[in-house]
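Enquirer: Provided herewith is a single structure, encoded as structure tokens, for subsequent inquiry.
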Amino acid sequence: RLFDLDPDLLPLFQYNCKQFASPQECLSAPEFLDHIRKVMLVIDAAVSHLENLSCLEEYLCNLGKKHQAVGVKVESFSTVGESLLYMLEKCLGTAFSPDVQEAWSKLYGAVVKAMRRNWETLPEGD
């Protein structure tokens, strides 16, 4: 769903200097699947620390800086969030109630807020 929503994100996923010719090629690459596993680990950590997300603040801030350094745009986080909610809706079916959607949206928003902390202060080229 991510590349359907924003095909311009495909060039951001380069591994070993390899540019993917199509979203399907990227989606099946072991490196991309590893990246998805890492994303899910961050989400798992956020869920596990739901009552104390501040303990992940420094980690998420540094993760955000890494994303900024490789060219990720702030707007891309919205696309990723929309893709995450779409996946949850497809997996949970009728259990994906408006309350569940709101809870996931808030959690994702908190993660993104932490990742964006000091985003604009990263020097060019770093």
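Enquirer: Which condition number does residue 69 fail, the rest of (1) closer than 20 Å to residue 8 by Cβ; (2) open to solvent by less than 50 Å² (accessible area, probe 1.4 Å); (3) modelled with pLDDT under 90 being met?
Expert: (2)
Enquirer: Count, please, the residues in region 17-30 that happen to be open to solvent by 70 Å² or more (accessible area, probe 1.4 Å) and part of a helix (DSSP H, G or I).
Expert: 3
Enquirer: I'd like to check something: does region 39-56 contain any residue that is part of a helix (DSSP H, G or I), at pLDDT 90 or above, charged (D, E, K, R) and open to solvent by 90 Å² or more (accessible area, probe 1.4 Å)?
Expert: No, region 39-56 contains no residue that is part of a helix (DSSP H, G or I), at pLDDT 90 or above, charged (D, E, K, R) and open to solvent by 90 Å² or more (accessible area, probe 1.4 Å).
The values are calculated or read from the model by the stated rules, or taken from the named source; none is laboratory data. Just so you know, these numbers come straight off a predicted model, no measurement behind them. Here Cβ is always computed from backbone atoms with ideal geometry, including for glycine, and neighbour counts include all displayed protein chains. Note: accessible area is taken over every heavy atom of the protein model, side chains too, but ligands, DNA and RNA are not part of it. Shrake-Rupley method; radii C 1.70, N 1.55, O 1.52, S 1.80 Å.
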